[in-house]
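Structure first, then comments.
Coordinate-derived values only; no laboratory data. A quick note: this is a predicted structure, and the numbers were derived from the prediction, not measured. Methodologically, a virtual Cβ is constructed for each residue, glycine included, from the backbone with ideal geometry; neighbour enumeration extends over all protein chains shown.
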Amino acid sequence: METLGSGPLSHSGSALAAFSLAYLSHVCSARLEAMTGLPFFDERAVERVLCVAAHPDDLEYGASAAVARWRARGIDVSYLLLTAGEAGMRSRPPHEVAPLRAGEQRAACREVGVDDLVILDFPDGTLEAGLPVREAIAGAIRRTRPQVVLTQPWDLDVSWGLNHADHRAAGIATVDAIRDADNPWVFPGLREQGLEAWGTRWLLVAGAEPDHLIDVSGEPLEQAVRSLQAHREYLAEIGGDFDPRAMLEEVTAAAAARAAPAARGSVTHALGVKAYRMG
Ligand SMILES: [Zn+2]
C-alpha cells in the first residue's frame, strides 16, 4: 500500500494519478526525441493470447483495447491476475474488497469479450516474483498455449514514475515463467497435471517504452473505455477527477501519432507495446 499526498489513494490509485504524468511523458518524448515511425505488431499468426497482471484493473489502462481488437478477430484471450487486489481500497477491509473487485473485473472482461478470467490469491501489496508465482504463470501458459503473452513493465523507473512492487514482480515473473513453461523439466508437478511444455513466441509489455503499435481505433477503444469504467466502486474509492475516457483517448492518440506516416492511414488511436521474440 502506498499513499500519494494525504489522499485516500491506494497503490493503484497512485498509478492512476501517475497516468496523466505518463501521458505527458509520452507526449514530451514524442516531441523531444521524435520517436516516430513505429511499426504495427504483426498478429496474423496469433490464435491465443494470455494477459498476466498483478491486480484487477491493471489491464484496463490500455491493454484491454488491444484485447477487444483481438477478440473481434477471433483470437482467444485469457486473463491471469496474480492477486485479488484486496489491499487496494483504503476504506474497506480486504475480505470485502476481494469479491467486489472480482465482480468488477468480470464486468470489465465482458466489455472486451473475455470469458477466461483467473484471479489467484497471492498477497496484494507484497507479491514476489518467486517460484510459486512463476509456477502459477507457467501453468497458465501451458494450459492456454498462447502465441503471445502480454504483461506489465518490470522496470522500477517507468515513464509515469516509480513502478509499483507488485507490477514489477508480475512482469519479471512472467518473463521467467515463459521460459519455465517451455522447459519440460522445470516444475515437474505441472506435467503430472497433464500440462505439457509450451513455447510462447512473443512477449508484449504494455506500458514500457514501445517499439510496436496495435491499432485500437474505433470500437476497441470504446470497449476499453467501458472496461475501465466497469471498475466503478474502485474508481469511486480512489476519487479525484480521473476520467477513464480522457486518459485512454489521450494516451492512445499520442501512441498513434508515433506510427510511420505511410502506415498510419486511418489509425487514430493505438496501444504502444514493447515486443520481445521469445522463441
Ligand atoms: Zn496494479
message: Can you confirm whether Arg44 is without any contact (Cβ under 8 Å) to a residue 12 or more places away in the chain, outside any helix (DSSP H, G or I), basic (Lys, Arg) and more than 16 Å from the ligand (Cβ to nearest atom)?
response: yes
task: Filter region 147-187 for residues that are in contact with a Leu (Cβ under 8 Å, 6 or more places away or on another chain) and free of Cβ contacts under 8 Å to residues at least 24 places away in the same chain and give the result.
output: Leu156, Leu162, Asn163
Matching residues in region 52-76 - criterion: being part of a strand (DSSP E or B) and either more than 20 Å from Gly88 (Cα to Cα) or away from the ligand (no atom under 16 Å from the Cβ) (or both): Asp76
- prompt: Which of the residues that make up region 231-245 are farther than 19 Å from Leu59 by Cβ and part of a helix (DSSP H, G or I)?
  reply: Ala236
statement: Being under 25 Å from Trp154 (Cα atoms) and out of contact with any Cys (no Cβ under 7 Å at 6 or more places or on another chain) narrows Asp215, Asp243 down to just Asp215
- line: Of (1) surrounded by fewer than 19 Cβ atoms within 10 Å (Cβ to Cβ); (2) within 16 Å of the ligand (Cβ to nearest atom), Asp115 fails just (2)
